Amino acid sequence: MTSATITADAAGTWQLGDRTVNRVGFGAMRLTGSAAFHLGAPSDRDRSIAVLRRAIELGVNHIDTAAFYFSALRSANELINSALSPYADDLVVVTKVGPFRTYSGEWGTSARPDDLRGHVEENLRQLGRDHIDVVNLRRMRQDSIAEHFGALAELRDEGMVRHLGLSDVEPRHLAEAQAIAPVVCVQNRFGLGLHDPATDELLRVCGEQGIAFVPFFAIAGEGASQGATSTHDDEVLAVAEAHDATPAQVRLAWTLHQGPHVLAIPGTGNPGHLVENVAAGALRLTDDELDTLDALHRTAG
């Protein structure tokens, strides 16, 4: 497929609260270095800024980030601020709180509910904004999220946060949060071959309720935060060859085919990969191809 002229609106749009976003967005984690967080070499600053600006040129209007996305010398939020401020009116910036890291890069214990105000304020400082469009609560293994989500709901009532979402949750956590405040999106690990019945159920529930489902690691597969997988099943390779596409594009296209409420946020610090990721939104898989890939997904461990 010819990627260069394809823009992020090729996959259609969805609502994040009162904001309309193209279904292919951008995840900022990989802007900071060659591997996740403080591992690996720092990224080239100018290239990372160029990738962000190119994403906007390609129609991306949904960027996912976090204050804890930083390496030894780079901060994703600072790069976003430098590249994109003043922000376009249609740009939706989404961040997440719950996990946090010390200045040396070590992970701290999960945040208490009364920590979350400071974590949101830190995102605001780094991004140079007076509000955040969406803040996701990343569950850190706790059984109940009511206190944490309630703390974010207070910030929403104050106007510091416009909309709320969840990350790494089960259907019961979604119901728990909705009893406190509206939920506009759910972020869970999901992708071709990452088969988890609870997440599949959450995907279905979000579709029924009009909530955006935003998978992370959709391309990475088992590689997770260490980067995209280089191992692909024969079925994926066959579909890629049929469409003159890359396996990563097939994985993204399959993810988007799971429902009109599914949003993709592939991340990269590579300008060429950015163009390919955006172009995946135009890839239309046949019913037979979807059946084959669905079967592959269901049989995955």
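Each value in this text was obtained by applying a stated rule to the coordinates, not by laboratory testing. Since we're looking at a predicted model, the values are computed, not measured. Because the Cβ atoms are built from the backbone with ideal geometry, glycine has one as well, and the counts that use them run over all protein chains shown.
Overview of results
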read-out	value
Coil-residue chymotrypsin sites (Phe, Trp or Tyr not before Pro) of region 49-154, DSSP, other Cβ within 10 Å capped at 10	Tyr103
GNM top mover of Arg251, Arg30, Arg162 - the chain, alpha-carbon springs below 10 Å	Arg162
Set of region 103-125 residues, backbone N closer than 12 Å to the point 7 Å along the Cα-Cβ line of Ala41	none
GNM result for the chain, Cα springs below 10 Å: residue of Gly193, Gly159, Gly267 fluctuating most strongly	Gly159
Spin-label model distance (nm) - Arg125 vs Asp244, 7 Å beyond Cα toward Cβ	5.1
Helix-only mean residue ellipticity at 222 nm for the chain, each DSSP H run of n ≥ 4 adding -39500 (n - 2.57), per residue, nearest 500	-11000 deg cm²/dmol
Sum of side-chain charges, Val51 neighbourhood, beta-carbon under 12 Å (Lys, Arg +1; Asp, Glu -1)	+2
Full-stretch length increase - Met140, Asp89 - with 0.36 nm per residue and alpha-carbon distance subtracted	15.1 nm
Lys, Arg +1 and Asp, Glu -1 on Cβ, resulting dipole of the chain about Cα centre, debye, nearest 20	840
Gained length - Asp233 relative to Asp114, 0.36 nm times residue gap less alpha-carbon distance	38.3 nm
Candidates Ala66, Ala28, Ala41: whichever shows maximal mean-square fluctuation once the chain is modelled as a Gaussian network with Cα springs under 10 Å	Ala41
Full-stretch length increase - Ala179, Asp287 - with 0.36 nm per residue and alpha-carbon distance subtracted	35.1 nm
